[in-house]
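What follows is a short report on a single structure.
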Amino acid sequence: MAPIKVVLAGAQGHGRHHLLNLRRLSEAGLVELAGICDLRPVEVDFATPLQSSDLGELLEKTGAEITVICTPIQTHAGLAVTALRAGSHVLLEKPPAASPEAHREIAAAVAETGRACQVGFQSLGSEAVPALRELIASGALGRVRGIGGAGAWERPPAYFTRSAWSGRRRLNGVDVVDGALTNPFAHAVATALALADGPIAEIETELYHANPIESDDTSCVRVRLEDGLVITIAVTLCAPERHEPYLVVHGDRGRATLTYTQDRLKVELSDGSVTTTVHERTDLLENLIDHVRTGAELLVPLDRTETFTRVLDAVRLAPEPMPIPDRHQIVARDADGEVVGRVLPGVAALTDRSARELALYSELGAPWATVELLVSGTEVAAYELRPDLPAADSPRPYLHRVRTLGGTEVTEVRPEDHVHHLGVGVAISDLGGANFWGGRTYVKHQGPTWLEDHGTQRHVSFDRLGDDGFTERLEWIGPGGRLMAREERAVTARPVGDAWALDFAFTLTNLTGEPLAIQSSATKGRAGAGYGGFFWRAPGTSTARITMPGDEQAVHGSRGPWVALSGTTPQGRDWTLVFVQADGDPWFVRVADYPGVGQALAWDTPLVVDTTLTRRVVTVVADGRLTEGQVSTLAADVTLW
């Protein structure tokens, strides 16, 4: 049979691998490289293809039956649709599309034209995949509880600057979704999904980056299927050396490990038997050619990659990857001081543990998976970004494990008396009718009532993250998923004499298009319950007292520049918190019922936010029970910041 005409779209970067494969297939008489679509001329020594930057024009001139697309991710859908409608079958490099909508566009063109679209997940061309599926189905591994995946490679800084879209989540406002899970280790995700059947119920992601990029270079994902099967993949591009990526299927009678880059399948059964086999792999372009000529079944048709695109979309919609501070890295530099590599110590072992335990990095205690605040090298607080809380608690990021330089903890999370009290953060009981405080909502003439009105504060990204604090962007999402406000939160930990201070500022921006009212239980008839704004829940196990400028009754509702709360732990260790403000809001203070201090933005009348609201509270955290003179001096010092 005559060679089949092929056009290659994208001959730079990874496209060079396709050129080498086209050379091989050309020499075998299977293909004729009829054209190359690229923005730059490409030298080819085994053919004389037409070259153009217009794929539609090139396909019309060449009449190519197959188009290989290896271009930036965000261009896949448009080029694939162009090729399909020109009558060409498509081999589409992974990932197939940058969103489910783009995936559906390609699928619609496949259905409309009757042409084939094969996706370039090369690992799915391995006979090891159906062999492992058959092993699972046979029951040899027993009941399968999950599939774990691990991958640890090293990549230099140049890897993330090799093209305009490398290391980017979006480019010029268009989703790119580059990243460790969606590009270099996309095969791990796709292959794991190919081993399991059934719809996806839930996807969890954790994205991090050690390199100064927009996308992730170290990340993990957990996919739960509706039948209960769990798939967890943990990967990194910050290992000291290359570790071959693999998948492990966990059954109650044994396990099977697939090293998919080597097509090697190792089966270990509970009876002690161990078998290892290396399988053949079919080239996906050859398979597509066979499909076009003989009707052979495609190995990776577009419709079988839909679940992968769902995972990619979860990555796309996830909060921005969290930067990993330099103190958790080994940063290699050349003689000129330029960074030539970044390594996360122990990260390969963490990916292995994730595959074994089906756990995410944060669950494994990865030191860079949590945000910690340090003062002069001493850890003084941790920050919970994505708390796993019931909706009735109004889930929101918060500071916890806040402690004095001497190690005395001065916060509490989810105490029995108020399970929706979460350390230090921002909470408002009624923002435009949504409860961002948690618990029951006070209803006028009715009292505290359980309503389905709870909102969520969602971490979006860090503009800055350092040992001394961060600047964070959050979304305030009301019931039903309505985006009500955005927040910029700036938190800094600073030394103050023998103590330290937590500088906490926030700006809320109204996104509703109409005035946004902040209310409290007090504005609805419950006198004194004006809580809402910055709030600090102190430990209930301490014996707490308002030390100055008066007792609880005198300070509650006052508008003075500062309030001091002190306490004594059951072990007899004293602590003092000095809250300082410059905005003149009433103080909300509790000691008798529980120890807590915060703002009362709506003390007795609603506070209406037309556009933005900015507030700042600086809290000195000190060991010991400070005197009035010491408190006054500290309050004056931080007021000058």
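A few points about this structure:
- Fraction of accessible area attributable to carbon and sulfur, the stretch 396-494 (%, probe 1.4 Å): 44
- Rule-of-thumb Rg ratio for the stretch 318-428 [Cα; 2.2 N^0.38 Å; N residues]: 1.33
- Cα shape, the stretch 249-318, gyration tensor, a/c 1.5 rule: oblate
- Annotation: peptides 130-139, 94-103, ranked by per-residue average of other Cβ atoms within 10 Å with the highest first, follow the order 94-103, 130-139.
- Ordering Ala83, Leu19, Leu312 by Cα displacement along the dipole of the chain toward the positive end leaves Leu312 in first place; charges were set at the Cβ atoms of Lys, Arg (+1) and Asp, Glu (-1).
- Placing dummy labels 7 Å off each Cα toward the beta-carbon, the span from Val340 to Ala391 is 5.5 nm.
- Only the Cβ atoms of Lys and Arg (+1) and of Asp and Glu (-1) were treated as charged; on that basis the dipole of the stretch 48-171 about its Cα centre amounts to roughly 580 debye.
- Per-residue ellipticity at 222 nm from helix content only, as computed over the chain with -39500 (n - 2.57) for each DSSP H run of at least four residues, stands at -5500 deg cm²/dmol.
- Nearest-20 debye value, the stretch 542-635 charge dipole, Cβ charges on Lys, Arg, Asp, Glu: 200
- For Glu60 and Leu20, a Förster radius of 35 Å and the Cβ-Cβ distance give a FRET efficiency of 0.80, rounded to the nearest 0.05.
- Accessible surface, per residue, of the stretch 449-492 when the full set of protein chains is kept, probe 1.4 Å, Å²: 43
- Listed values [x] 33.2; [y] 27.4; [z] 34.5, entry calculated as mean projected area of the Cα convex hull in nm²: [z]
- Computed from backbone phi, the HN-Hα couplings of the stretch 287-296 come to 5, 5, 4, 4, 5, 5, 7, 10, x, 4 Hz, rounded to whole numbers (Karplus: 6.51 cos²θ - 1.76 cosθ + 1.60, θ = phi - 60°; Gly and Pro given as x).
- What the Cβ-Cβ distance of Ala296 and Glu475 gives, at R0 = 60 Å and to the nearest 0.05, is a FRET efficiency of 0.80.
- Of Phe121, Ala107, Ala150, farthest towards positive along the dipole that unit charges on Lys, Arg, Asp, Glu beta carbons give the stretch 55-195: Ala150
- Basic side chains Lys and Arg get +1 at the Cβ, acidic Asp and Glu get -1 at the Cβ, and with that the dipole of the chain about its Cα centre reaches some 420 debye.
- For the chain, the number of Lys pairs separated by eight or more positions or lying on different chains, with C-alpha atoms closer than 27 Å, is 5.
- The stretch 151-284, accessible area per residue, ligands and nucleic acids excluded (1.4 Å, Å²): 39
- Between Ala47 and Met1, the distance separating the two model label sites (each 7 Å from Cα on the Cα→Cβ line) works out to 1.6 nm.
- For the stretch 324-381, the residue among Gly337, Gly365, Pro325 whose Cα projects farthest onto the positive side of the dipole built from Cβ charges is Gly365.
- Protection proxy ranking of 450-456, 350-356, by the mean of other Cβ atoms within 10 Å over each peptide's residues and highest first, is 350-356, 450-456.
- Mean Cβ neighbour count within 10 Å, used as a protection proxy, ranking 276-284, 594-602, 466-474 highest first: 594-602, 466-474, 276-284
- Computed on protein heavy atoms with a 1.4 Å probe, the accessible areas place Thr408, Thr612 in the order Thr612, Thr408, largest first.
- Placing pseudo-labels 7 Å out from each Cα toward the beta carbon at Gln12 and Trp450 gives an inter-label distance of 6.0 nm.
- Distant-in-sequence amide H partners of Ala9 (H built 1.01 Å from N, under 5 Å): Cys37, Val68, Ile69, Cys70
- Among beta bridges that DSSP assigns inside the chain, antiparallel share in %, nearest 5: 80
- Distances between placed amide hydrogens fall under 5 Å for Ile324 paired with His209, Ala210, all partners being 5 or more residues away or on another chain.
The values are calculated or read from the model by the stated rules, or taken from the named source; none is laboratory data. Computed from a predicted model, the values in this text were never measured in an experiment. For neighbour counting, all protein chains shown are included, and Cβ atoms are generated from backbone atoms with ideal geometry for every residue, glycine included. Calculation scope for accessible area: heavy atoms of the full protein, side chains included, ligands and nucleic acids excluded. Shrake-Rupley method; radii C 1.70, N 1.55, O 1.52, S 1.80 Å.
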